[in-house]
Structure formats: structure tokens, C-alpha cells
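Heads up, the thing below is written out as C-alpha cells.
Bear in mind these aren't lab numbers, they're just calculated from the coordinates by the rules spelled out. Source: prediction; values computed, not measured. Reconstructed Cβ throughout: ideal geometry from the backbone, glycine too, with neighbour counts over all protein chains shown.
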Amino acid sequence: AAGLSLRGLGAESTLVLLNGHRRAGNVDGRVVDISAIPLAIVDRVEIVTGGRSAIYGSDAVAGVVNLVTRQDFEGMESEFYLGSAAKGGERIGISHTGGFKSDHGGLVLAYDFRRERNFDIVRAELGGPSPFDVSLRRFDARPDSQRHSLYAAGHYRIADAVELYGDALYTTDLKRAVLDYTSPFFDFIQDSRV
């Protein structure tokens, strides 16, 4: 998970809002995973660095970050990102946003795909000799991950003083990390999937 931290007080002391509303925390019920929100749907970020615990509670001691999404977007927009390294850790990102608007409302849909290959520090030759003749064959400093995110938001004005609005976010995130080492006495392989 990726959290926001203001004033160095930690992510649990920074309140993250989406369009001015609280979201359920992804980590211990408090920290909001901002990586689950498609970046293409974010219109602007509002930050209040002063403590707002008197208004929002103890989770806003460091401040408040409000992520404002696109509401009246019309047309289509696509983004593609590719990053590569000599020793592993490739990244790929694809996102697409589409929407339409009318005199009474609008609808916005966004899809985001992220794939990060594992970064094996043994293959990157960052490890050194180990004591007790233990040989490290693989250690993923960054796991292999794949994430899909889908966001939808819409609003419709029924009358001058009545407007219906709603939004929905669906995210699936798969991670896989491997730790593999051997010694004259035993072999150990740990394959973790989350």
C-alpha cells in the first residue's frame, strides 16, 4: 500500500479524503491506499497542512489531503508508461479515461493497469558473502505485482435544488515475492502471494 504522510508524522496521522468524503482504510483500517485510485481520474489535490484533529478527529493531526476527481470530463484519454532496467524491475502502466456530459449531468469512467516485475537483489549482484556458508539464491526486494483499478463517477441534476451523485472504485492487487536460500544443512524456499 502507498499512503500519504504530512509533516513526517506518518500516514496514520494524515487524513485522506476522496472528493471530500472519508474512505475506508486499507491498512489497519486507517491508512488509505492511494495507489488503488487511478491517477488519470484525479483532477487536483488539495492539501491542508495545519492540524485538523478538532474537526476530523485524531487521524488528521498532521493535516488533510483531499483528492478531487474529474466530474465533467468529456471525450477520451489514454496513457501508456514503460520503464526498464538492466537487472530487473520492469514497469508497465496503461490507463484509459472516458466520459460525457450534458446539461443535466455527466458520467466518467477510468481504468488503470499497473505491472511491476520483481527486483531480485541477488540477480542484481547487490548481495555479498554470507556467514555459515548460507547461499542466497533469490531475494525479491520488490515483489512481482499486478493491479487493476476501475473507477466510475456520475451525477445528474433532477431539479435546481436536487442532484443525484455517486462513485464506485474496484481494485484488485496481486503480489508475489520469493525468498530462496540454501546451506549445507537445508534448503529454504518461501513463496508469498498476497
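Length gained on full extension, Arg91 to Gln190: 33.3 nm, using 0.36 nm per residue less the C-alpha separation.
A crude spin-label estimate for the pair Val45 and Ala152, with each label 7 Å from Cα along the Cβ direction, gives 2.8 nm.
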